[in-house]
2 protein chains.
Amino acid sequence: MKKINIEKKILSENEKCAIENTFFFTEQKKLCLNMISSPGSGKTTILVETITALKDKIKIGIIEGDVQTDIDAERIRATEAPVVQINTEGACHLSAVQISRALKELPVDDLDLIIIENVGNLVCPSAFELGEAGKIVVLSVAEGDDKPAKYPAIFAKSKVLLINKIDLLGHVDFDIERAKDDARRLNKNIRIFPISAKTGEGMSQWYDWLVQNVEQEKMRQ
Amino acid sequence: MKKINIEKKILSENEKCAIENTFFFTEQKKLCLNMISSPGSGKTTILVETITALKDKIKIGIIEGDVQTDIDAERIRATEAPVVQINTEGACHLSAVQISRALKELPVDDLDLIIIENVGNLVCPSAFELGEAGKIVVLSVAEGDDKPAKYPAIFAKSKVLLINKIDLLGHVDFDIERAKDDARRLNKNIRIFPISAKTGEGMSQWYDWLVQNVEQEKMRQ
């Protein structure tokens with residue numbers, strides 16, 4: 001029982017800061033998305049391709065969360081998009097206060113969209129709101145079609161599921177309909193885009209969704 | 001500061017129970033290994049193949065950790081090996097007390113080797129000792145060769161690194177020498193076996209290591 005109480009307290013402090021972040025994004029009319037996946041599902045490659053493809057349409061800033069290293073931030077930096085690195089030094093998820101601090105280092109006024117690349121972890125980040133408008137969960141087909149059933153929380157809470165690395169579908173056992181069905185059973189409104197960030201297949205539907213949602217955020221009264 | 005103190009306290013309680021588990025394994029002369037990886041790196045397939053290949057040499061029991069479902073335990077059960085399922089109901093790692101309870105449900109006297117399949121998570125399980133003699137980290141080549149650098153804790157602490165899904169090496173960008181070098185920089189004694197649990201390539205070296213370590217545990221004074 002004691003353990004549950006401690007967890008509740010930490011979550012509540014995080015939630016308070018997350019609400020402040022949400023106020024900030026709403027006031028600034030900036031869309032913020034929180035991208036979550038296992039290590040190695042391809043989040044950074046998706047972001048690099050997305051920034052490059054949309055550079056004439058929307059300006060994207062990135063908050064890059066990693067346990068260690070700035071390998072991913074360097075890859076983002078090569079696109080010339082603004083990026084802030086957060087190293088959690090072992091912690092398994094980003095917190096709202098880290099996002100609040102990172103926002104002070106981003107040129108928010110110049111941006112249309114802020115994407116947070118969370119620490120590679122399919123479990124913990126789903127429990128910590130950062131103030132984002134929506135979560136994007138990425139699942140690589142190499143991870144297996146049973147992941148929505150086995151890690152339901154993040155699939156239940158996400159606006160979008162990107163099923164990445166579909167160029168590998170001929171080489172791995174992955175039933176895409178099973179993954180889609182299980183994700184929709186957890187979350188009937190989830191948008192699902194099968195993509196390959198490597199070959200570009202399916203990416204245009206994801207880009208359209210992003211541009212449309214950025215526009216909706218700007219038009220909101 | 002308060003947060004650090006709370007974390008310390010929880011870890012210490014876990015460590016106390018982990019030491020009790022270690023005493024138990026030592027007394028019983030049973031080897032216990034703790035297998036850790038990202039979701040979808042192939043832990044369960046490795047275990048199914050290992051149990052089947054070694055069934056005439058060593059008797060293996062499995063403690064199966066999952067956030068939800070008994071999908072993996074069912075796959076293990078099909079091999080007829082004894083298996084105990086632990087569902088963490090959202091928690092991101094197994095704890096030593098869960099292992100202590102699970103051991104009461106396993107026919108330990110009949111076993112040579114107990115393998116704990118931890119929750120799919122490359123971050124949190126590395127911080128929680130369960131009383132095992134060693135950790136086995138699994139990295140799928142589909143996850144990328146930068147994972148030892150980006151998630152150093154588990155590579156620094158593991159006895160063995162299984163680089164799995166090498167049948168995909170022609171289809172993904174993965175420099176196996178970079179992954180090996182980075183892992184050895186963190187841990188000069190780590191044993192590295194490149195394997196494909198799907199095709200069987202490289203598995204015999206892993207089996208030899210297991211059999212040898214089980215024998216050493218039995219011979220120990």
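The values are calculated or read from the model by the stated rules, or taken from the named source; none is laboratory data. These figures come from a predicted structure and were not determined experimentally. Cβ atoms come from the backbone with ideal geometry, glycine included; neighbour counts cover every protein chain shown.
On the basis of being buried (at least 18 other Cβ atoms within 10 Å of the Cβ) and either in a strand (DSSP E or B) or at the interface with chain B (Cβ under 10 Å from one of its Cβ atoms) (or both), does A:Glu132 make the cut? Write out each step before concluding.
Working: buried (at least 18 other Cβ atoms within 10 Å of the Cβ): yes; either in a strand (DSSP E or B) or at the interface with chain B (Cβ under 10 Å from one of its Cβ atoms) (or both): no.
So A:Glu132 does not fit the description; no.
Among residues belonging to the stretch B:135-152 that are within 23 Å of B:Leu210 (Cα to Cα) and either touching a residue at least 60 places away in the same chain (Cβ under 8 Å) or surrounded by fewer than 24 Cβ atoms within 10 Å (Cβ to Cβ) (or both), point out the one that is nearest to the other protein chains (Cβ to nearest Cβ).
B:Ser140
Of the conditions (1) within 14 Å of another protein chain (Cβ to nearest Cβ); (2) more than 28 Å from A:Arg185 (Cβ to Cβ); (3) in contact with a strand residue (DSSP E or B) (Cβ under 6 Å, 6 or more places away or on another chain), A:Leu111 clears all except one; give me its number.
All conditions are met except number (1).
Which number in (1) in contact with a strand residue (DSSP E or B) (Cβ under 6 Å, 6 or more places away or on another chain); (2) in contact (Cβ under 8 Å) with a residue 60 or more places away in the chain; (3) among the small types (Gly, Ala, Ser) marks the one condition that B:Ser95 misses?
B:Ser95 satisfies every listed condition except (1).
Quick one: B:Glu117 ticks every box in (1) away from chain A (no Cβ under 11 Å); (2) of a type outside the set (Lys, Arg); (3) in contact with a Cys (Cβ under 9 Å, 6 or more places away or on another chain) except a single one, so which number is it?
Of everything listed in (1) away from chain A (no Cβ under 11 Å); (2) of a type outside the set (Lys, Arg); (3) in contact with a Cys (Cβ under 9 Å, 6 or more places away or on another chain), B:Glu117 misses just condition (3).
Just checking, how many residues over the stretch A:167-214 are farther than 23 Å from A:Val48 by Cβ and among the charged types (D, E, K, R)?
The qualifying residues number 10.
For the stretch B:175-206, which residues satisfy the criterion of being under 15 Å from B:Val138 (Cβ atoms), part of a helix (DSSP H, G or I), of a type outside the set (Val, Ile, Thr) and in contact (Cβ under 8 Å) with a residue 24 or more places away in the chain?
Residues satisfying the conditions are B:Ala179, B:Ala183, B:Met203, B:Trp206.
Out of A:Ile71, A:Ile51, A:Ile46, A:Ile36, report the one residue that is within 14 Å of chain B (Cβ to nearest Cβ), touching a Ser or Thr at 6+ places or on another chain (Cβ under 7 Å) and among the aliphatic types (A, V, I, L, M). Let's see the steps before the verdict.
On the way: A:Ile71 fails: touching a Ser or Thr at 6+ places or on another chain (Cβ under 7 Å); A:Ile51 fails: within 14 Å of chain B (Cβ to nearest Cβ); A:Ile46 fails: touching a Ser or Thr at 6+ places or on another chain (Cβ under 7 Å).
Only one candidate passes the filter, namely A:Ile36.
Does B:Asn187 satisfy the criteria of being modelled with pLDDT of 95 or more, surrounded by 23 or more Cβ atoms within 10 Å (Cβ to Cβ) and under 30 Å from B:Cys17 (Cα atoms)?
Numbers: modelled with pLDDT of 95 or more: yes; surrounded by 23 or more Cβ atoms within 10 Å (Cβ to Cβ): no; under 30 Å from B:Cys17 (Cα atoms): yes.
It is false that B:Asn187 is modelled with pLDDT of 95 or more, surrounded by 23 or more Cβ atoms within 10 Å (Cβ to Cβ) and under 30 Å from B:Cys17 (Cα atoms).
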